[in-house]
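For reference, the structure discussed in these notes is given below.
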Amino acid sequence: MKINRRTIITAIAAAPAFAGLSALVSKVKAEETGKFEVWFIRHGESEVNVLSERPELPSELPPDEGFTYPLTIKGIQQVKALASSIQDIDVSAIFTSTRLRTVQTADAISFVKNLPIQLAPQIVEVNFGTAALNSSDFSQIFQLLTDWLVNEEYDKKAPEGESYNDLRSRFVPFVTTTIEQYSNIPKVLIFVAHGAILSTMLPLIFKNVSRRFALANILPNTGIVKGELLHGDLICTDWNGVQPL
(Lines give C-alpha, C1' and ligand atoms only; values in the text may rest on other atoms or scores of the structure.)
Protein backbone atom coordinates (compact mmCIF):
# COMPACT_ATOMS: atom_id res chain seq x y z
CA MET A 1 0.00 0.00 0.00
CA LYS A 2 1.32 3.44 -0.93
CA ILE A 3 1.51 6.14 1.70
CA ASN A 4 0.57 9.69 0.79
CA ARG A 5 3.16 11.87 2.50
CA ARG A 6 1.29 14.87 3.83
CA THR A 7 2.64 15.07 7.32
CA ILE A 8 6.25 16.03 7.84
CA ILE A 9 7.93 16.01 4.45
CA THR A 10 8.66 19.74 4.54
CA ALA A 11 10.28 19.45 7.95
CA ILE A 12 12.36 16.44 6.91
CA ALA A 13 13.49 18.11 3.69
CA ALA A 14 14.83 21.01 5.73
CA ALA A 15 16.72 18.79 8.17
CA PRO A 16 20.53 18.92 8.09
CA ALA A 17 22.21 15.87 6.55
CA PHE A 18 24.01 14.80 9.73
CA ALA A 19 24.37 11.30 11.12
CA GLY A 20 24.93 10.88 14.84
CA LEU A 21 28.08 9.22 16.15
CA SER A 22 26.30 6.02 17.20
CA ALA A 23 24.66 5.75 13.78
CA LEU A 24 28.02 6.24 12.04
CA VAL A 25 29.70 3.62 14.21
CA SER A 26 26.86 1.17 13.47
CA LYS A 27 27.26 1.77 9.73
CA VAL A 28 31.04 1.20 9.78
CA LYS A 29 30.59 -1.94 11.85
CA ALA A 30 27.94 -3.30 9.48
CA GLU A 31 30.14 -2.61 6.44
CA GLU A 32 33.15 -4.30 8.01
CA THR A 33 31.33 -7.47 9.00
CA GLY A 34 28.63 -7.51 6.31
CA LYS A 35 26.06 -8.57 8.86
CA PHE A 36 22.30 -8.37 9.12
CA GLU A 37 20.80 -6.20 11.85
CA VAL A 38 17.24 -5.59 13.02
CA TRP A 39 16.08 -2.39 14.71
CA PHE A 40 12.81 -1.90 16.55
CA ILE A 41 11.94 1.80 16.87
CA ARG A 42 9.26 3.43 18.96
CA HIS A 43 7.33 6.26 17.30
CA GLY A 44 7.86 9.95 18.13
CA GLU A 45 5.86 11.68 20.83
CA SER A 46 2.16 11.67 19.95
CA GLU A 47 -1.00 13.13 21.38
CA VAL A 48 -1.67 9.92 23.29
CA ASN A 49 1.65 10.37 25.15
CA VAL A 50 0.76 13.80 26.54
CA LEU A 51 -2.82 13.22 27.62
CA SER A 52 -1.94 13.72 31.27
CA GLU A 53 -0.72 17.24 30.45
CA ARG A 54 -4.01 18.34 28.94
CA PRO A 55 -6.03 20.64 31.25
CA GLU A 56 -9.37 19.30 30.07
CA LEU A 57 -10.12 15.82 28.85
CA PRO A 58 -13.30 13.87 28.32
CA SER A 59 -13.81 11.09 30.83
CA GLU A 60 -13.71 8.60 27.96
CA LEU A 61 -10.98 8.88 25.32
CA PRO A 62 -11.31 8.17 21.58
CA PRO A 63 -10.19 4.64 20.68
CA ASP A 64 -6.62 4.21 19.48
CA GLU A 65 -7.32 3.44 15.85
CA GLY A 66 -7.15 4.97 12.40
CA PHE A 67 -5.98 8.57 12.44
CA THR A 68 -6.37 9.36 16.13
CA TYR A 69 -3.34 10.56 18.12
CA PRO A 70 -0.92 12.07 15.55
CA LEU A 71 2.57 13.26 16.42
CA THR A 72 2.94 16.39 18.52
CA ILE A 73 5.20 19.24 17.40
CA LYS A 74 7.86 17.79 19.69
CA GLY A 75 7.27 14.38 18.11
CA ILE A 76 7.84 15.81 14.63
CA GLN A 77 11.12 17.28 15.82
CA GLN A 78 12.09 13.92 17.32
CA VAL A 79 11.45 11.97 14.12
CA LYS A 80 13.28 14.60 12.07
CA ALA A 81 16.36 14.01 14.26
CA LEU A 82 15.83 10.24 14.09
CA ALA A 83 15.69 10.26 10.30
CA SER A 84 18.82 12.41 10.11
CA SER A 85 20.70 9.95 12.33
CA ILE A 86 19.71 7.03 10.08
CA GLN A 87 20.51 8.81 6.82
CA ASP A 88 23.88 7.05 6.35
CA ILE A 89 22.73 3.64 7.59
CA ASP A 90 22.14 0.93 4.98
CA VAL A 91 18.50 -0.09 5.41
CA SER A 92 16.88 -3.04 3.64
CA ALA A 93 13.21 -2.39 4.49
CA ILE A 94 10.90 -0.36 6.72
CA PHE A 95 7.85 -2.00 8.30
CA THR A 96 5.46 0.05 10.38
CA SER A 97 2.38 -0.30 12.52
CA THR A 98 -0.65 1.19 10.82
CA ARG A 99 -1.34 3.77 13.55
CA LEU A 100 -0.88 7.35 12.36
CA ARG A 101 1.95 8.16 14.78
CA THR A 102 4.04 5.20 13.61
CA VAL A 103 3.31 5.88 9.94
CA GLN A 104 4.45 9.48 10.42
CA THR A 105 7.64 8.24 12.10
CA ALA A 106 8.34 5.64 9.43
CA ASP A 107 7.59 8.21 6.73
CA ALA A 108 10.44 10.39 7.99
CA ILE A 109 12.86 7.47 7.67
CA SER A 110 11.38 6.51 4.30
CA PHE A 111 11.98 9.99 2.95
CA VAL A 112 15.70 10.13 3.74
CA LYS A 113 16.30 6.50 2.71
CA ASN A 114 14.17 6.63 -0.46
CA LEU A 115 12.50 3.36 0.54
CA PRO A 116 8.79 2.53 0.60
CA ILE A 117 6.90 2.00 3.83
CA GLN A 118 5.41 -1.45 4.30
CA LEU A 119 2.33 -1.46 6.51
CA ALA A 120 2.18 -4.14 9.20
CA PRO A 121 -1.07 -4.27 11.21
CA GLN A 122 0.42 -7.22 13.09
CA ILE A 123 2.63 -4.86 15.11
CA VAL A 124 0.07 -2.23 16.14
CA GLU A 125 -0.10 -1.19 19.78
CA VAL A 126 -1.70 -3.40 22.41
CA ASN A 127 -5.48 -3.10 22.53
CA PHE A 128 -6.02 -2.40 26.21
CA GLY A 129 -9.80 -2.35 25.81
CA THR A 130 -11.74 -0.38 28.39
CA ALA A 131 -8.55 0.22 30.42
CA ALA A 132 -7.30 2.59 27.70
CA LEU A 133 -10.50 4.65 27.62
CA ASN A 134 -10.05 6.09 31.11
CA SER A 135 -8.21 9.39 30.71
CA SER A 136 -7.45 9.78 34.40
CA ASP A 137 -6.02 6.39 35.35
CA PHE A 138 -3.26 4.67 33.40
CA SER A 139 -2.35 2.44 36.34
CA GLN A 140 -4.65 -0.27 34.97
CA ILE A 141 -2.49 -0.53 31.87
CA PHE A 142 0.75 -0.85 33.82
CA GLN A 143 -0.84 -3.43 36.10
CA LEU A 144 -1.86 -5.49 33.09
CA LEU A 145 1.68 -5.35 31.72
CA THR A 146 2.98 -6.45 35.13
CA ASP A 147 0.52 -9.33 35.25
CA TRP A 148 1.79 -10.51 31.86
CA LEU A 149 5.53 -9.97 32.22
CA VAL A 150 6.02 -10.67 35.93
CA ASN A 151 3.07 -12.76 37.11
CA GLU A 152 2.80 -14.80 33.88
CA GLU A 153 -0.97 -14.35 33.62
CA TYR A 154 -0.95 -14.73 29.85
CA ASP A 155 -4.70 -14.99 29.32
CA LYS A 156 -5.59 -11.95 31.41
CA LYS A 157 -7.02 -8.95 29.57
CA ALA A 158 -9.20 -5.91 30.11
CA PRO A 159 -12.78 -6.04 28.82
CA GLU A 160 -12.77 -5.71 25.02
CA GLY A 161 -8.98 -5.87 25.00
CA GLU A 162 -6.22 -8.32 24.06
CA SER A 163 -4.39 -10.87 26.16
CA TYR A 164 -0.66 -11.62 26.07
CA ASN A 165 -1.43 -14.75 24.09
CA ASP A 166 -3.44 -12.71 21.59
CA LEU A 167 -0.45 -10.42 21.08
CA ARG A 168 1.94 -13.32 20.69
CA SER A 169 -0.23 -14.91 18.01
CA ARG A 170 -0.15 -11.81 15.80
CA PHE A 171 3.25 -10.22 16.54
CA VAL A 172 5.72 -13.09 16.81
CA PRO A 173 4.92 -15.05 13.60
CA PHE A 174 4.99 -11.92 11.47
CA VAL A 175 8.21 -10.52 12.93
CA THR A 176 10.10 -13.82 12.90
CA THR A 177 9.01 -14.59 9.33
CA THR A 178 10.04 -11.12 8.16
CA ILE A 179 13.41 -11.39 9.91
CA GLU A 180 14.00 -14.74 8.23
CA GLN A 181 13.08 -13.23 4.87
CA TYR A 182 15.62 -10.39 5.18
CA SER A 183 18.34 -12.08 7.24
CA ASN A 184 20.51 -12.81 4.21
CA ILE A 185 20.74 -9.10 3.36
CA PRO A 186 23.65 -7.40 5.21
CA LYS A 187 21.67 -4.27 6.02
CA VAL A 188 19.39 -3.00 8.78
CA LEU A 189 15.77 -4.16 8.83
CA ILE A 190 13.52 -1.64 10.60
CA PHE A 191 10.23 -2.11 12.45
CA VAL A 192 8.46 1.02 13.73
CA ALA A 193 6.02 0.21 16.52
CA HIS A 194 4.88 1.14 20.04
CA GLY A 195 6.19 1.10 23.60
CA ALA A 196 3.87 -1.45 25.16
CA ILE A 197 3.88 -3.97 22.31
CA LEU A 198 7.69 -3.84 22.08
CA SER A 199 8.25 -4.30 25.81
CA THR A 200 5.72 -7.12 25.87
CA MET A 201 6.85 -9.05 22.80
CA LEU A 202 10.59 -8.44 22.33
CA PRO A 203 11.54 -10.87 25.12
CA LEU A 204 10.02 -13.51 22.82
CA ILE A 205 12.13 -12.30 19.89
CA PHE A 206 15.52 -11.81 21.56
CA LYS A 207 17.18 -14.69 23.41
CA ASN A 208 18.94 -12.41 25.91
CA VAL A 209 16.10 -10.08 26.94
CA SER A 210 14.09 -10.93 30.05
CA ARG A 211 10.48 -9.91 30.60
CA ARG A 212 11.35 -8.01 33.78
CA PHE A 213 14.06 -6.05 31.98
CA ALA A 214 11.70 -5.10 29.17
CA LEU A 215 9.06 -3.93 31.64
CA ALA A 216 11.57 -1.83 33.56
CA ASN A 217 12.99 -0.29 30.38
CA ILE A 218 10.00 0.72 28.26
CA LEU A 219 11.37 2.63 25.30
CA PRO A 220 11.11 6.41 25.19
CA ASN A 221 9.75 8.03 22.05
CA THR A 222 12.08 7.29 19.09
CA GLY A 223 14.02 4.86 21.28
CA ILE A 224 15.73 2.02 19.40
CA VAL A 225 16.34 -1.63 20.19
CA LYS A 226 19.04 -3.22 18.04
CA GLY A 227 19.81 -6.86 17.45
CA GLU A 228 21.73 -9.29 15.28
CA LEU A 229 21.86 -13.00 14.57
CA LEU A 230 24.47 -15.01 16.45
CA HIS A 231 24.73 -18.77 15.97
CA GLY A 232 21.13 -18.88 14.78
CA ASP A 233 19.72 -16.86 17.69
CA LEU A 234 18.58 -13.25 17.60
CA ILE A 235 20.58 -11.35 20.22
CA CYS A 236 19.80 -7.85 21.46
CA THR A 237 23.00 -5.80 21.28
CA ASP A 238 21.59 -2.46 22.44
CA TRP A 239 18.35 -1.57 24.21
CA ASN A 240 18.36 2.18 23.65
CA GLY A 241 21.80 2.52 25.19
CA VAL A 242 21.28 -0.10 27.91
CA GLN A 243 22.72 -3.59 27.94
CA PRO A 244 19.84 -6.11 28.10
CA LEU A 245 19.42 -8.67 30.85
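The values are calculated or read from the model by the stated rules, or taken from the named source; none is laboratory data. Every value quoted in this text rests on a predicted model; they were computed, and no experiment measured them. For neighbour counting, all protein chains shown are included, and Cβ atoms are generated from backbone atoms with ideal geometry for every residue, glycine included. Areas reflect the complete protein model, heavy atoms only, side chains present, ligands, DNA and RNA absent. Shrake-Rupley method; radii C 1.70, N 1.55, O 1.52, S 1.80 Å.
Each residue was assigned an accessible area with a 1.4 Å probe, and for GLU45 the value is about 30 Å².
With just the Cα atoms defining each centre, how far is region 205-230 from region 113-172? Give it in Å. When both Cα centres are located, 16 Å separates them. Using a 1.4 Å probe on the protein heavy atoms, what percent of the accessible area of region 143-245 belongs to carbon and sulfur? Answer for region 143-245 is 50 percent, counting heavy atoms of protein chains only. Here region 230-245 is scanned for amide nitrogen atoms under 14 Å from the site 7 Å beyond the Cα of ARG212 along Cα-to-Cβ, giving 245. Note on region 81-150: Cα-only Rg and Dmax are 16.1, 43 Å. What does the charge count around TYR154 come to, taking other residues whose C-beta lies under 15 Å from its C-beta (Lys +1, Arg +1, Asp -1, Glu -1)? Around TYR154, the charge tally is -1. Checked against a 24 Å cut-off, the cross-linked pairs LYS80/LYS207; LYS74/LYS157; LYS74/LYS113; LYS35/LYS207; LYS80/LYS226; LYS113/LYS187 give Cα-Cα distances beyond that limit for LYS80/LYS207; LYS74/LYS157.
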